[in-house]
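The values are calculated or read from the model by the stated rules, or taken from the named source; none is laboratory data. The shown structure was predicted, so the numbers you read here are calculated from the model rather than taken from an experiment. FYI the Cβ positions are ideal-geometry reconstructions off the backbone, even for glycines, and counts take in every protein chain you see.
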Amino acid sequence: MARAGSVSRASVILNVAQPALSRQLMKLEEELGVSLFVRHGRGVRLTRAGSSLLEHANAVLRQVDQISELVRAPETSFAGHVVLGVPPAAGLIIAPVVVEILRERWPHASLHVREGISSSLEEWLLDRRLDLAILYNPPPLDGIVLTPILHERMVAAGPITESQMSARTINWRDLSGLPLILPSLPHSNRRLIEQAAIQRGARLDVVFEVDSVTMTKAMIKRGLGWTILAHAAVAGEAERGELQVRVIDRPPLISTVSIGIPTETQSTPLAHELFDVVRGVIVERVAAGAWYGAKVVDDYVR
């Protein structure tokens with residue numbers, strides 16, 4: 001009904017009488033104690049509760065499909081469906097390589113890649129809408145195993161100005177004097193920056209709160225302020241001369257990238273293989289210099 005947009009069209013698609021379908025919907029809403037649809041002149045649309053139910057129902061159906069695929073698949077192959085969550089900058093670096101490797105090694109498996117900021121990825125992991133996620137500076141998460149993979153230095157990125165182009169580093173005192181464009185809380189970068197500023201006794205001047213990295217960089221290019229990001233997120237623009245980058249120093253600001261995976265998912269064969277692939281790709285990308293300014297956590301240097 002959600003996809004059909006009306007009860008009448010849904011009854012035709014399902015080959016179920018419209019009154020019977022309406023009764024089943026009312027019964028379901030009574031059992032759940034919420035309204036799943038809003039009725040209007042042109043049909044129906046999902047409520048927030050209805051959208052949540054649909055997403056969870058689809059996840060259950062995917063798990064059912066995965067069971068049948070695993071049973072039918074050859075013993076030497078992995079089958080099923082896994083969902084990988086990636087932040088925008090890290091996703092561009094690793095996701096294409098991960099998808100390519102999975103397609104080659106496990107043609108019977110399917111992979112869904114979801115992009116989001118770390119706070120959204122954390123929420124999706126906790127709701128079990130992701131099997132694995134790349135997270136920036138995650139807090140302890142109940143039921144989620146977090147494995148630190150790499151560290152990277154944070155930088156201040158700002159508009160091009162001739163008087164400032166010679167500087168390569170910036171300290172916290174000078175950082176306090178800049179108009180900053182930062183993501184809103186509870187974004188992981190904002191948490192890290194705020195905690196570091198308090199520890200250094202720095203008072204930050206946040207003029208805009210923008211959660212999109214792409215939009216933040218566009219605003220910087222127009223001279224609207226500075227931001228604080230991982231070096232890899234702005235390395236391309238810096239090389240093209242579209243903005244300037246200064247490494248935060250005295251003391252440096254270090255971001256940690258971790259892989260998060262639900263405890264119960266960790267033991268499933270396909271999720272375990274996905275973890276190994278993602279970890280291996282991250283290590284390889286850092287070694288190749290594709291993840292600018294990053295250093296692999298010593299435990300995973302091979």
How many of the residues making up the range 244-257 are surrounded by fewer than 21 Cβ atoms within 10 Å (Cβ to Cβ) and in contact with a Pro (Cβ under 8 Å, 6 or more places away or on another chain)? 1
Is it fair to say Arg103 is among the basic types (Lys, Arg), out of contact with any Leu (no Cβ under 7 Å at 6 or more places or on another chain), modelled with pLDDT of 80 or more and within 30 Å of Trp291 (Cβ to Cβ)? yes
Going through Ala218, Ala230, Ala235, Ala196 one at a time, which residue ends up being among the hydrophobic types (A, V, I, L, M, F, W, C), out of contact with any helix residue (DSSP H, G or I) (no Cβ under 7 Å at 6 or more places or on another chain) and either surrounded by 21 or more Cβ atoms within 10 Å (Cβ to Cβ) or without any contact (Cβ under 8 Å) to a residue 24 or more places away in the chain (or both)? Ala218
Residue satisfying condition, being charged (D, E, K, R) and on the phi > 0 side of the Ramachandran plot, within set Arg128, Arg191, Arg103: Arg128
Would you mind stating whether Thr263 is surrounded by fewer than 15 Cβ atoms within 10 Å (Cβ to Cβ) and over 21 Å from Gly91 (Cα atoms)? yes
For the range 97-119, enumerate the residues that are assigned to a helix (DSSP H, G or I) and surrounded by fewer than 19 Cβ atoms within 10 Å (Cβ to Cβ). Val97, Val99, Glu100, Ile101, Arg103, Glu104, Arg105
